[in-house]
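Undergrad: Next up is a structure, given as structure tokens.
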């Protein structure tokens, strides 16, 4: 569990630096994927990022920004990300 908490901290630090989010929620979902074939020990994370950097970008481009920020972790300490990427306007209550 200590390693997982460290990974959450690394994800938070890197996404904060790269995207200056107004909201960032990271949940460790690894427990639901124990024994998942091909995981190689990396964790599964649910990530919600709200950032002005996503303005004018489609979902694929937004995800690329996240994956680029976490490139050193992908395939290592991070096996899978479930991403929700929104602009502040998209995240605002209606």
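Derivation of every value follows stated rules applied to the coordinates shown; laboratory data play no part. Keep in mind that what you see is a predicted model, and the values were worked out from it rather than measured. Using ideal geometry, Cβ is built from the backbone for each residue, glycine included, and neighbour counts are taken over all protein chains shown.
Undergrad: Relative contact order for segment 2-91: what is it in percent, counting Cα pairs under 8 Å that are at least 6 residues apart?
TA: Once divided by the residue count of segment 2-91, the mean separation gives 34 percent.
Undergrad: Also, quick follow-up: Restricting to DSSP H runs of at least four residues, report the calculated mean residue ellipticity at 222 nm for the chain, -39500 (n - 2.57) per run over all residues, nearest 500 deg cm²/dmol.
TA: -10500 deg cm²/dmol
Undergrad: OK, next. I need two numbers for segment 2-91: Rg to one decimal and Dmax as a whole number, Cα atoms only, in Å.
TA: Spelled out, the Cα radius of gyration and Dmax of segment 2-91 are 12.9, 39 Å.
Undergrad: Here is a further query. So for the chain: antiparallel DSSP bridges make up what percent, rounded to the nearest 5?
TA: 40
Undergrad: Taking a spot 7 Å from the Cα of residue 6 along the direction of its beta carbon, which residues of segment 63-78 have an amide N less than 20 Å from it?
TA: Backbone N within reach: 70-78.
Undergrad: Let me ask something additional. For the residue pair residue 64 and residue 82, what label-to-label distance in nm results when each label sits 7 Å from Cα along the Cα-to-beta-carbon direction?
TA: Those two pseudo-labels are separated by 2.6 nm.
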